Amino acid sequence: MIRVALRFDDPSATSDHALEAAIFQKLACHGVPITVAAIPFRQRDGGYVALSADHAGHLRQAQRTGLVEIALHGHSHEERGNGVHGEPSEFAGVPALEQRRLIEAGRAVLQDAFGCGVSGFVPPFNTCDAMTVGALRDLGFAYLSASFDAPRDSKLAWLPRSCQMVDIQAAVVAARRDAWFGPVVIGVMHHYDFHESGAPEARIDLEGFAERLAWIVAQPDIEVLTLDGLARVCGRRTHLSQFSGLQRVLPWRLRQRLPTQHLLPVPNLSFPFH
Ligand SMILES: [Zn+2]
């Protein structure tokens with residue numbers, strides 16, 4: 001069995017709600033669940049506009065179908081610090097107390113707008129640091145979905161993205177060779193993936209998205225979950241890995257066998273080869 005989760009980043013008070021509604025309609029048509037990483041605040045006119053129930057009608061409607069899970073996508077998606085390699089971050093390098101304040105304020109907005117608990121955290125730019133993880137643990141979050149470089153914690157399920165949603169079919173096909181290990185594919189998507197957004201880098205349109213969903217549900221060996229569902233199934237005692245540490249020590253022929261667009265569950269130990 002291959003477990004698949006889809007993550008849709010960046011819906012907010014000021015995002016393209018018409019495109020989001022069309023995406024949710026396709027998901028509902030095919031009965032495919034998704035995790036929406038929503039941004040609680042957006043800068044506008046020198047201030048912040050919060051994602052309220054008024055802005056989130058289409059999201060709330062999709063949430064009521066039971067197919068949409070809401071996760072916290074940072075605070076306002078601003079660059080406030082940098083990761084260890086200089087990459088942009090809203091959290092990495094920011095003092096611990098400030099990080100906690102941003103996370104608490106963001107979660108309160110989403111919980112108010114959606115009337116539900118929020119247990120997942122997706123840092124903007126997929127970057128964060130050990131202070132972020134400590135704050136998430138103290139605040140009772142269940143999982144972190146970021147990049148492979150993100151710090152780990154034994155109390156948080158660690159669910160990094162493994163591929164772009166547009167490449168989901170290739171990722172599933174590659175995962176099949178590791179089917180015995182229970183592989184996981186986490187596909188991430190943004191508005192700019194869709195031609196309907198007007199973005200020059202778009203790779204698919206809504207029909208292409210619907211075709212991918214139809215393909216997913218037609219595969220007998222795929223189970224689609226939200227990230228929260230995945231965290232429950234995998235548990236906090238399991239981490240997902242691509243064994244990238246082995247890239248340095250394995251000969252070329254064996255390196256070819258390491259996963260690149262899917263993840264394999266391993267026990268949550270101080271495992272040196274994640
Ligand atoms: Zn984002």
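Kindly establish whether ALA142 is touching a residue at least 40 places away in the same chain (Cβ under 8 Å) and over 11 Å from the mean Cα position of the chain (by Cα). Working first, answer last.
Details: touching a residue at least 40 places away in the same chain (Cβ under 8 Å): yes; over 11 Å from the mean Cα position of the chain (by Cα): yes.
Against the criterion (touching a residue at least 40 places away in the same chain (Cβ under 8 Å) and over 11 Å from the mean Cα position of the chain (by Cα)), ALA142 qualifies.
Among the candidates ASP153, ASP167, which residue alone is part of a loop (DSSP other than H, G, I, E, B) and in contact (Cβ under 8 Å) with a residue 12 or more places away in the chain? Before the answer, list the steps.
Details: ASP167 fails: part of a loop (DSSP other than H, G, I, E, B).
Exactly one of ASP153, ASP167 is part of a loop (DSSP other than H, G, I, E, B) and in contact (Cβ under 8 Å) with a residue 12 or more places away in the chain, namely ASP153.
Which ones in the range 182-211 are without any contact (Cβ under 8 Å) to a residue 24 or more places away in the chain and within 16 Å of the ligand (Cβ to nearest atom)?
Once the filter is applied, which keeps residues that are without any contact (Cβ under 8 Å) to a residue 24 or more places away in the chain and within 16 Å of the ligand (Cβ to nearest atom), the range 182-211 yields TYR192, ALA199, GLU201.
Residues are listed down the side, and each one gets a yes or a no for (1) over 19 Å from ILE186 (Cβ atoms); (2) not hydrophobic (A, V, I, L, M, F, W, C):
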| site | (1), (2) |
| --- | --- |
| GLU98 | yes, yes |
| ARG101 | yes, yes |
| PHE114 | yes, no |
| PHE125 | no, no |
| GLY134 | yes, yes |
| ASP138 | yes, yes |
| ALA142 | no, no |
| ASP149 | no, yes |
| ARG152 | no, yes |
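Residues that are within 16 Å of the ligand (Cβ to nearest atom) and part of a helix (DSSP H, G or I): does the range 212-227 have at least one?
Yes, the range 212-227 contains a residue that is within 16 Å of the ligand (Cβ to nearest atom) and part of a helix (DSSP H, G or I).
Considering only the range 56-69, I want to know if a residue exists there that is within 14 Å of the ligand (Cβ to nearest atom) and modelled with pLDDT of 95 or more.
Kept after step one, since they are within 14 Å of the ligand (Cβ to nearest atom), are these residues of the range 56-69: none.
Taking every residue of the range 56-69 in turn, none turns out to be within 14 Å of the ligand (Cβ to nearest atom) and modelled with pLDDT of 95 or more.
Kindly check whether there is at least one residue in the range 101-119 that is of a type in the set (A, V, I, L, M, F, W, C) and in contact with an Asp or Glu (Cβ under 8 Å, 6 or more places away or on another chain). Break it down stepwise before answering.
We begin by selecting, within the range 101-119, every residue of a type in the set (A, V, I, L, M, F, W, C); these are 102-103, 105, 108-110, 113-114, 116, 118.
Okay, now just the ones that are also in contact with an Asp or Glu (Cβ under 8 Å, 6 or more places away or on another chain), so 102.
The answer is yes, given that some residue of the range 101-119 is of a type in the set (A, V, I, L, M, F, W, C) and in contact with an Asp or Glu (Cβ under 8 Å, 6 or more places away or on another chain).
Check the range 89-97 and report whether any residue there is at pLDDT 95 or above and assigned to a helix (DSSP H, G or I).
yes
Return the total of residues in the range 182-197 being more than 21 Å from ALA218 (Cβ to Cβ) and either surrounded by 17 or more Cβ atoms within 10 Å (Cβ to Cβ) or touching a helix residue (DSSP H, G or I) at 6+ places or on another chain (Cβ under 9 Å) (or both).
Of all residues in the range 182-197, those more than 21 Å from ALA218 (Cβ to Cβ) come to 188, 190-197.
From the residues that got through so far, the ones that are either surrounded by 17 or more Cβ atoms within 10 Å (Cβ to Cβ) or touching a helix residue (DSSP H, G or I) at 6+ places or on another chain (Cβ under 9 Å) (or both) too are 188, 190-191, 193-197.
Residues flagged as more than 21 Å from ALA218 (Cβ to Cβ) and either surrounded by 17 or more Cβ atoms within 10 Å (Cβ to Cβ) or touching a helix residue (DSSP H, G or I) at 6+ places or on another chain (Cβ under 9 Å) (or both) within the range 182-197 amount to 8.
Check off (1) on the phi < 0 side of the Ramachandran plot; (2) modelled with pLDDT of 95 or more; (3) surrounded by 16 or more Cβ atoms within 10 Å (Cβ to Cβ) for ARG101 and give me the number that stays unchecked.
Against the list (1) on the phi < 0 side of the Ramachandran plot; (2) modelled with pLDDT of 95 or more; (3) surrounded by 16 or more Cβ atoms within 10 Å (Cβ to Cβ), ARG101 comes up short only on (3).
Condition check ((1) buried (at least 20 other Cβ atoms within 10 Å of the Cβ); (2) among the charged types (D, E, K, R)) across all residues:
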residue	(1), (2)
PHE41	yes, no
GLY46	no, no
ALA56	yes, no
ARG60	no, yes
GLN63	no, no
VAL68	yes, no
ALA71	yes, no
GLU79	no, yes
ASN82	no, no
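State yes or no: is VAL36 closer than 20 Å to PHE125 by Cβ and either more than 16 Å from the ligand (Cβ to nearest atom) or touching a Phe, Trp or Tyr at 6+ places or on another chain (Cβ under 6 Å) (or both)? Before the answer, list the steps.
Details: closer than 20 Å to PHE125 by Cβ: yes; either more than 16 Å from the ligand (Cβ to nearest atom) or touching a Phe, Trp or Tyr at 6+ places or on another chain (Cβ under 6 Å) (or both): yes.
So VAL36 fits the description; yes.
Given GLY86, GLY74, which one is at positive phi and within 16 Å of the ligand (Cβ to nearest atom)? Outline the logic, then answer.
Working: GLY86 fails: within 16 Å of the ligand (Cβ to nearest atom).
On inspection, the qualifying residue turns out to be GLY74.
Kindly indicate whether any position in the range 111-126 is at positive phi and part of a helix (DSSP H, G or I).
The initial filter retains those residues of the range 111-126 that are at positive phi, namely 115, 125-126.
Add one more test, that the residue is part of a helix (DSSP H, G or I), and what stays is 125-126.
The answer is yes, given that some residue of the range 111-126 is at positive phi and part of a helix (DSSP H, G or I).
Could you list all residues from the range 1-33 that are within 16 Å of the ligand (Cβ to nearest atom), part of a helix (DSSP H, G or I) and closer than 24 Å to LEU159 by Cβ?
Initially, the range 1-33 is screened for residues within 16 Å of the ligand (Cβ to nearest atom), giving 6-16, 19-20, 23.
If we keep only those that are part of a helix (DSSP H, G or I) as well, we get 19-20, 23.
Matches in the range 1-33: GLU20, ILE23.
Among the residues of the range 180-194, is there at least one that is in a helix (DSSP H, G or I) and at pLDDT below 95? Working first, answer last.
Taking the range 180-194 as the starting set, the residues that turn out to be in a helix (DSSP H, G or I) are 180-181, 191-193.
Among the residues that remain, those that are also at pLDDT below 95 are: 180-181.
The answer is yes; a qualifying residue exists.
The values are calculated or read from the model by the stated rules, or taken from the named source; none is laboratory data. Please read these numbers as outputs of a predicted model, since none were measured by experiment. Glycine also receives a Cβ, built like all others from the backbone with ideal geometry; neighbour counts cover every protein chain displayed.
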